[in-house]
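Engineer: Can you keep this structure in mind? I'll have questions shortly.
The values are calculated or read from the model by the stated rules, or taken from the named source; none is laboratory data. Quantities reported herein were computed from a predicted structural model and do not represent experimental measurements. Don't worry about glycine lacking a Cβ; one is built from the backbone with ideal geometry, like all the others, and counts go over all protein chains shown.
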There are 2 protein chains.
Amino acid sequence: MNQFQYYTPTKVIFGKGTEENMGALVQEYGCKKVLVHYGGGSVKRSGLLDRIYQSLDVAGIAYVSLGKVVPNPHLSLVYEGIELCKREGVDFILAVGGGSVIDSAKAIGYGVTNEGDVWDFYEKKRNASACLPVGVILTIAAAGSEMSDSSVITNENGWVKRGYSSNYCRPKFAIMNPELTMTLPQYQTMSGCVDIMMHTMERYLNHADNMELTDGISEHLLRTVMKNAKILLNDPENYDARAEVMWAGSLSHNGLTGCGTDGGDWASHQLEHELGGMFDVAHGAGLAAIWGSWARYVVDAGAERFAQFAVNVMGVKAAGDGMQTALLGIEAMEDFYRFIHMPVSMKELGIEPTEEQMKELARKCSFWGRRTIGCVKVLEEEDMYQIYKKACN
Amino acid sequence: MNQFQYYTPTKVIFGKGTEENMGALVQEYGCKKVLVHYGGGSVKRSGLLDRIYQSLDVAGIAYVSLGKVVPNPHLSLVYEGIELCKREGVDFILAVGGGSVIDSAKAIGYGVTNEGDVWDFYEKKRNASACLPVGVILTIAAAGSEMSDSSVITNENGWVKRGYSSNYCRPKFAIMNPELTMTLPQYQTMSGCVDIMMHTMERYLNHADNMELTDGISEHLLRTVMKNAKILLNDPENYDARAEVMWAGSLSHNGLTGCGTDGGDWASHQLEHELGGMFDVAHGAGLAAIWGSWARYVVDAGAERFAQFAVNVMGVKAAGDGMQTALLGIEAMEDFYRFIHMPVSMKELGIEPTEEQMKELARKCSFWGRRTIGCVKVLEEEDMYQIYKKACN
C-alpha cells in the first residue's frame with residue numbers, strides 16, 4: 001500500500017435550490033470584485049446567469065463577466081481573462097458551468113497571481129505558487145474539476161491540450177444542484193458519465209498493492225454511475241439519478257478513489273487529450289473511443305487487476321484464467337459504452353485521422369519523444385501510435 | 001434525497017514515516033508557539049514525543065506541552081490548557097494521540113479564541129465563532145476526530161459528557177501512520193473498530209430517502225472494518241489491516257458516509273455518552289454494549305433499512321419478511337462484537353448500574369426531560385431508561 005495525501009478543502013453545497021444563496025457565500029471570502037466566467041448561451045437562456053447577477057447585487061458584490069468558454073477551453077481566452085482580471089482588480093472567480101469553464105477559471109487564477117506566461121505551468125516548465133480563489137456553480141457532471149486540483153487547457157498554437165495540477169486551484173466552494181444538469185443534451189450527459197468513470201478507472205487499473213477500502217469505494221462508484229446513466233438514457237429528468245451521477249463526478253476526481261494507489265495509469269486521458277486538441281471532440285466520448293484499444297494493448301501486463309475489475313465492476317463471471325476474465329471485462333465495458341450511445345472507436349467518434357495525423361498524435365502525446373505515459377504498461381511513442389491505430393475502427 | 005454540505009478541509013498525510021516532517025508541516029501555518037497536547041505515557045515511552053520535539057526544534061518552532069489527557073477527556077484539563085495557551089501566547093495546537101486528545105485540543109482551541117466559559121458551547125447555550133488551528137498526529141484509530149467537526153468533553157462537575165460540533169475545529173492536517181497504532185492494547189483496538197463502525201451505522205440507520213452512492217460506500221466501509229478487525233485479532237502488527245482500519249476511521253466520521261442522508265440517528269452515541277460520563281468506560285465498548293438493545297427497541301420503526309443493513313453489511317440471507325431479516329442482522333452484528341471480544345451488554349462491559357443510576361442516566365441523556373434523541377424512533381426519557389434496562393444483561 002502506498003503513502004498518500006488526501007486534501008479536499010472544497011466546501012460542497014449539494015441539492016435543489018442550493019444556488020440561491022450564492023451571493024452570501026461569495027461574500028464569506030471577503031472579495032472586492034468577482035469575475036463571472038461561463039461558456040455558451042445555455043446559462044443565459046436558462047436564466048441562471050441573471051439569477052447569479054441578482055444574487056451578487058443583493059450581496060453588494062461588484063463583478064465583471066467573461067463568457068465564450070468552449071469545450072477543450074482555449075488558452076487565448078485564458079489570456080483575455082487574465083488581462084480583464086488585472087485591469088478590473090478581480091480577486092475572486094466564479095465559474096458557472098462544467099469542467100471547461102472551471103479549468104479556464106483556474107488557469108486565469110494562476111495567470112493573475114503568478115508572473116510570466118501561464119502556459120509555462122501547463123508545459124511543466126515551472127510551478128505556480130498561488131491561484132486566485134475560485135468558486136463553482138456546476139452545470140455539467142463530468143470533469144470533477146469542482147473539487148479537483150487539475151486544469152486542462154488547449155493551446156490553439158499547435159492545438160496541444162495540456163493539464164496542470166496543484167492544490168492552489170482547488171475550488172473554495174462548489175454549489176451542486178442536480179436540476180441544473182437536466183437540460184444537457186443526451187450525448188453530453190453520457191459523455192460526462194464516461195469521463196466520471198474514467199477518473200476512477202484510471203486510478204483503479206494500476207500496478208499497486210491497493211487498499212481494499214479504496215477498491216470497494218471505486219467499484220461501487222463505477223456500478224452506481226453505470227446504473228444511473230442507464231436510467232438517464234430514458235428519463236433524463238430523474239432527479240435522483242442526476243444527483244448520483246453528479247456526486248460521483250466529484251468523488252471520482254477529488255482524490256478519494258486514489259488513496260493508497262500508485263497514482264493510477266492516466267494513459268487513456270493523455271491519449272485522449274491529443275484527440276481533443278486536434279479534433280475538438282467531447283472529452284468523455286473521446287475516452288470511450290480510445291479506452292478499449294488501450295485496455296487490450298496493456299491487459300497482459302495487468303491481467304489480475306483487469307480480472308478484478310471484470311468481476312467486481314462489470315459483473316462478469318470469472319472464466320478460465322485471469323486473462324480470459326479480464327478480456328470479458330473489457331468487452332462488457334465496451335458493451336456498456338455502446339448501450340449509452342458512446343463510441344468505442346475513433347470512427348464511431350466521427351473522426352478518421354490519416355496515417356500522418358496518427359503519427360502526429362503520438363508525437364505530441366510523447367512530448368516529441370521526451371516522455372512515456374501509463375503505468376500498467378509504460379508506453380512510448382510507438383505504443384501510442386499502435387493504440388491510436390487500433391482505435392481507428 | 002436530502003440536501004447536504006460536505007466540507008473536509010483537513011490535509012491527510014497517510015503512511016509509514018509520515019510523522020517525520022511534522023515540524024516543516026506545522027511551519028506552513030506560520031505559527032509562533034505550539035501547544036503539544038497528549039495523553040498518557042505511551043507516546044513518551046515509544047519515543048514519539050521526543051521525535052516530535054526534535055522535529056519542532058529543527059523547524060525552529062517554540063512550544064509548550066500539556067499531557068495527562070484521559071479517555072473521556074476532562075473539562076478541568078481543558079481549562080488548564082486554555083490558561084496555559086493564553087499565558088504562553090500559543091497559536092497552534094498539536095494533538096498527539098486519539099480522539100480524547102484531539103477533542104481536548106479542540107476544546108482548548110475554542111476556549112482560547114472565544115470569550116466566556118467554553119463549556120457553554122457543549123451545553124448548547126451559544127455558538128463558537130472561531131477555534132485555534134489544530135494539527136493531529138494520530139495514534140489511535142477510532143474517533144475520527146482527526147477529520148471531524150466534533151469534540152466531546154466530560155464535565156467532572158456532575159459527570160456529564162457533551163459534544164459540540166462546528167467546522168471551526170476541523171483539524172488543519174492529520175498525520176496518519178498506521179504503525180503508530182500497533183502497540184495499542186487489543187481491547188482498545190477493537191473498541192476503536194466498534195467506534196469507527198458506529199459512526200457510519202449512526203448515519204446509515206436512518207429514516208431518509210438515501211443516496212445509493214453513500215449507501216454502498218457505507219456498506220463497504222463496514223464490511224472492510226469487520227474483516228480487518230478480525231485480522232488484527234490474531235495479527236495486531238499487520239500493517240495493511242491497521243491501515244484499512246485507520247483510513248476507515250477518518251472516512252467514517254468526516255461526513256462522507258452521511259451525504260444525502262437525514263443526518264443520522266445518533267441515539268446510541270448519546271446513550272453511551274452518559275455511560276462514559278458516569279462510569280468512564282471505553283467509548284467503543286460502551287457503544288457495543290448498548291447498540292443491540294437500542295436496535296431491538298427501534299427496529300419496528302425502520303425494519304426495511306435494518307433489513308438492507310442485514311443483507312448488504314452482515315451478509316444475512318433475506319428470510320421471511322423484512323422484520324425477520326432485520327432481527328437476524330442485529331444478531332449477526334452482536335455475534336461479530338462477541339467475536340472481537342467486545343461486550344454486548346452493560347454487564348459484559350463490567351458495569352451494573354442500579355435502578356436509580358439507570359434513571360439518572362436517562363434523566364441526564366434527556367437533558368432532564370428537555371430533549372429527545374434519535375430519528376429512526378424518537379426517544380424520550382422513558383424510552384432511554386427502557387433501553388438502558390434492556391442493556392443490563
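Engineer: Any residue in region A:136-148 that is among the hydroxyl-bearing types (S, T, Y), in contact with a helix residue (DSSP H, G or I) (Cβ under 9 Å, 6 or more places away or on another chain) and over 29 Å from A:I373 (Cβ atoms)?
Structural biologist: Checked region A:136-148: at least one residue is among the hydroxyl-bearing types (S, T, Y), in contact with a helix residue (DSSP H, G or I) (Cβ under 9 Å, 6 or more places away or on another chain) and over 29 Å from A:I373 (Cβ atoms).
Engineer: Looking only at region A:365-393, which residues are free of Cβ contacts under 8 Å to residues at least 12 places away in the same chain and in contact with an Asp or Glu (Cβ under 8 Å, 6 or more places away or on another chain)?
Structural biologist: Listed by number, the list holds a single entry, A:T372.
Engineer: Counting only residues that are in contact with a strand residue (DSSP E or B) (Cβ under 8 Å, 6 or more places away or on another chain), β-branched (V, I, T) and not assigned by TED's automatic domain parsing to the domain that holds A:A241, give me the helices (runs of 4 or more DSSP H) lying completely in region A:74-147 with at least 3 of them.
Structural biologist: The qualifying helices (runs of 4 or more DSSP H) are A:99-113.
Engineer: Of the residues that make up region A:33-50, is at least one over 23 Å from the mean Cα position of the chain (by Cα) and either within 14 Å of chain B (Cβ to nearest Cβ) or part of a strand (DSSP E or B) (or both)?
Structural biologist: Looking for residues that are over 23 Å from the mean Cα position of the chain (by Cα) and either within 14 Å of chain B (Cβ to nearest Cβ) or part of a strand (DSSP E or B) (or both), one finds at least one in region A:33-50, hence yes.
Engineer: A further question follows. Looking only at region A:6-32, which residues are without any contact (Cβ under 8 Å) to a residue 40 or more places away in the chain and of a type outside the set (D, E, K, R)?
Structural biologist: A:N21, A:G23, A:A24, A:Q27, A:G30
Engineer: Tell me yes or no: at least one residue of region B:183-200 is within 14 Å of chain A (Cβ to nearest Cβ), of a type outside the set (V, I, T) and under 17 Å from A:M211 (Cβ atoms).
Structural biologist: yes
Engineer: Still on this structure, please answer the following. Go through (1) modelled with pLDDT of 95 or more; (2) of a type in the set (A, V, I, L, M); (3) surrounded by fewer than 20 Cβ atoms within 10 Å (Cβ to Cβ) and name the single condition B:A319 misses.
Structural biologist: B:A319 satisfies all of (1) modelled with pLDDT of 95 or more; (2) of a type in the set (A, V, I, L, M); (3) surrounded by fewer than 20 Cβ atoms within 10 Å (Cβ to Cβ) except (1).
Engineer: State which residue pairs qualify: first residue of a type in the set (S, T, Y) and inside region B:59-79, second residue surrounded by fewer than 16 Cβ atoms within 10 Å (Cβ to Cβ) in any location, beta carbons under 7 Å apart, and separation of 6 or more residues or different chains.
Structural biologist: Partner pairs satisfying both residue conditions: B:Y63/B:K33; B:S76/B:E156.
Engineer: Same structure again: What number goes with the only condition from (1) crowded, with 22+ Cβ neighbours inside 10 Å; (2) within 12 Å of chain B (Cβ to nearest Cβ) that A:P9 does not pass?
Structural biologist: Among (1) crowded, with 22+ Cβ neighbours inside 10 Å; (2) within 12 Å of chain B (Cβ to nearest Cβ), A:P9 violates only (1).
Engineer: Looking at (1) within 14 Å of chain B (Cβ to nearest Cβ); (2) assigned to a loop (DSSP other than H, G, I, E, B); (3) modelled with pLDDT of 95 or more, find the lone condition where A:N2 falls short.
Structural biologist: For A:N2, the exception is condition (3).
Engineer: I need a count of the residues in region A:254-274 that are in a helix (DSSP H, G or I) and within 14 Å of chain B (Cβ to nearest Cβ).
Structural biologist: Counting residues in region A:254-274 that are in a helix (DSSP H, G or I) and within 14 Å of chain B (Cβ to nearest Cβ) gives 3.
Engineer: Still on this structure: Just to verify a result, which residue in region B:12-24, among those that are facing chain A (nearest Cβ under 7 Å) and either in contact with a Leu (Cβ under 6 Å, 6 or more places away or on another chain) or not in a loop (DSSP other than H, G, I, E, B) (or both), is surrounded by the fewest Cβ atoms within 10 Å (Cβ to Cβ)?
Structural biologist: Ranking the qualifying residues of region B:12-24, first place goes to B:I13.
Engineer: Filtering region A:310-364 down to residues that are of a type in the set (S, T, N, Q) and in contact (Cβ under 8 Å) with a residue 24 or more places away in the chain, which residue is farthest from A:A289 (Cα to Cα)?
Structural biologist: Selected residue: A:N312.
Engineer: Are any residues in region A:224-240 buried (at least 18 other Cβ atoms within 10 Å of the Cβ) and either closer than 24 Å to B:T257 by Cβ or within 11 Å of chain B (Cβ to nearest Cβ) (or both), and if so, which ones?
Structural biologist: Selection gives A:T224, A:V225, A:M226, A:N228, A:A229.
Engineer: With the requirement that a residue be of a type in the set (D, E, K, R) and touching a Gly at 6+ places or on another chain (Cβ under 6 Å), what does region B:162-203 give you?
Structural biologist: Listed by number, the residues that qualify are B:K172, B:D195, B:E202, B:R203.
Engineer: Looking only at region A:104-136, count how many residues are free of Cβ contacts under 8 Å to residues at least 60 places away in the same chain and in contact with a Cys (Cβ under 9 Å, 6 or more places away or on another chain).
Structural biologist: Within region A:104-136, residues that are free of Cβ contacts under 8 Å to residues at least 60 places away in the same chain and in contact with a Cys (Cβ under 9 Å, 6 or more places away or on another chain) number 10.
Engineer: Something else about it: Please go through region B:347-391 and give me each residue that is in a loop (DSSP other than H, G, I, E, B) and under 23 Å from the mean Cα position of the chain (by Cα), ordered by number.
Structural biologist: Result: B:G350, B:I351, B:S366, B:F367, B:R371, B:T372, B:G374, B:C375, B:V376, B:K377, B:V378, B:A391.
Engineer: Among the residues of region A:225-238, how many are assigned to a helix (DSSP H, G or I) and either more than 22 Å from the chain's Cα centre (by Cα) or more than 25 Å from A:P9 (Cβ to Cβ) (or both)?
Structural biologist: The total comes to 9.
Engineer: Right, here's the next one. Considering B:A285, B:A310, B:A241, B:A295, which residue is in the same structural domain as B:I340 (by TED's automatic domain parsing) and within 19 Å of the chain's Cα centre (by Cα)?
Structural biologist: Testing whether each residue is in the same structural domain as B:I340 (by TED's automatic domain parsing) and within 19 Å of the chain's Cα centre (by Cα) leaves just B:A285.
Engineer: Right, next: Applying the selection to region B:201-223, what residues are more than 12 Å from every other protein chain (Cβ to nearest Cβ) and either acidic (D, E) or not in a helix (DSSP H, G or I) (or both)?
Structural biologist: Across region B:201-223, the qualifying residues are B:E202, B:L205, B:N206, B:H207, B:A208.
Engineer: Can you tell me which residue in region A:157-172 is nearest to A:W119 (Cα to Cα), limited to those that are in contact with a helix residue (DSSP H, G or I) (Cβ under 6 Å, 6 or more places away or on another chain) and modelled with pLDDT of 95 or more?
Structural biologist: A:Y164
Engineer: Okay, next question. Looking at A:G249, A:G277, which is the one that is more than 13 Å from chain B (Cβ to nearest Cβ), touching a helix residue (DSSP H, G or I) at 6+ places or on another chain (Cβ under 8 Å) and in a helix (DSSP H, G or I)?
Structural biologist: A:G277
Results for (1) buried (at least 16 other Cβ atoms within 10 Å of the Cβ); (2) modelled with pLDDT of 95 or more, shown as yes or no for each residue.
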{"residue": "B:A282", "(1), (2)": "yes, no"}
{"residue": "B:A285", "(1), (2)": "yes, yes"}
{"residue": "B:V313", "(1), (2)": "yes, yes"}
{"residue": "B:Q324", "(1), (2)": "no, yes"}
{"residue": "B:F339", "(1), (2)": "no, yes"}
{"residue": "B:M358", "(1), (2)": "yes, yes"}
{"residue": "B:R363", "(1), (2)": "no, yes"}
{"residue": "B:E381", "(1), (2)": "yes, yes"}
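Engineer: Here is a follow-up. So in region A:262-280, with the set limited to residues that are of a type in the set (G, A, S) and closer than 9 Å to A:E202 by Cα, which one is modelled with the lowest pLDDT?
Structural biologist: A:G263
Engineer: Does region B:254-273 contain any residue that is of a type in the set (A, V, I, L, M), touching a strand residue (DSSP E or B) at 6+ places or on another chain (Cβ under 7 Å) and under 22 Å from B:E381 (Cα atoms)?
Structural biologist: yes
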